[in-house]
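What follows draws every value from the coordinates through simple rules; no lab data is involved. Nothing here was measured: the structure is a model prediction, and the numbers come from that model. Note that each Cβ is placed from the backbone with ideal geometry, even for glycine, and that neighbours are counted across all protein chains shown.
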Amino acid sequence: MISYNTDGVKMPAIKKRANNNWIKAVAECYGKKVGDIAYIFVDDEKILEVNKQYLQHDYYTDIITFDYSEEDVISGDLFISLDTVRTNAQQVDATYEEELLRVIIHGILHLCGIDDKGPGERKIMEAAENKALALWKTISI
């Protein structure tokens, strides 16, 4: 089950049915099934609080993914800062909606086993995001 929640922010306009189908399709590309996925949309202050409390990181970020996956079933809590998504969209010359989709799927790709911290991994993640975003265009029509 995929759920969408907010903490201190207004729920972003998301086509939930299309989004759910997209997430399942992307997971399937990696041989995974979708278990329990919870999106929690927050502001910058809340993401900083979560980052400090659970990861001991003292900085803002767009997404924090807590992975509870088992074998081929992906599950997790994905905290997304809508403030940072908006800021990042301006910096990369994307719309807010485009950047939000990228971040939404970024967390799913982490749950599917793609990392972006090591040498060369960021490029692999970006390619996976772009492939997933191309799939979104076929699903959301």
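Some notes on this structure:
- Of the residues examined, D36 is one that is under 15 Å from the mean Cα position of the chain (by Cα), surrounded by fewer than 18 Cβ atoms within 10 Å (Cβ to Cβ) and of a type outside the set (A, V, I, L, M, F, W, C).
- Failed condition for R86, given (1) more than 23 Å from I124 (Cβ to Cβ); (2) touching a strand residue (DSSP E or B) at 6+ places or on another chain (Cβ under 9 Å): (2)
- Matching residues in the range 107-141 - criterion: being of a type in the set (A, V, I, L, M) and under 13 Å from the mean Cα position of the chain (by Cα): I108, L109, L111, I114, M125, A128, A132, L133
- Test: residue in the range 21-29 that is on the phi > 0 side of the Ramachandran plot and not basic (K, R): no
- Filtered residue count, the range 101-141, keeping only those that are charged (D, E, K, R), farther than 22 Å from I14 by Cβ and in a helix (DSSP H, G or I): 4
- Members of the range 70-96 that are over 24 Å from G35 (Cβ atoms), of a type in the set (A, V, I, L, M, F, W, C) and buried (at least 20 other Cβ atoms within 10 Å of the Cβ): L82, V85
- Residue within the range 45-66 that is touching a residue at least 60 places away in the same chain (Cβ under 8 Å) and on the phi < 0 side of the Ramachandran plot present: no
- Residue within the range 44-56 that is within 14 Å of the chain's Cα centre (by Cα), buried (at least 18 other Cβ atoms within 10 Å of the Cβ) and of a type in the set (A, V, I, L, M, F, W, C) present: yes
- Number of positions in the range 86-141 that are touching a Lys or Arg at 6+ places or on another chain (Cβ under 9 Å) and among the hydroxyl-bearing types (S, T, Y): 2
- For the range 69-92, filtering for residues that are part of a strand (DSSP E or B) and of a type in the set (G, A, S) leaves 3.
- Test: E99 is surrounded by 13 or more Cβ atoms within 10 Å (Cβ to Cβ), under 15 Å from W22 (Cα atoms) and in contact (Cβ under 8 Å) with a residue 12 or more places away in the chain: no
- Selection count where residues are assigned to a helix (DSSP H, G or I) and hydroxyl-bearing (S, T, Y), scope the range 24-68: 1
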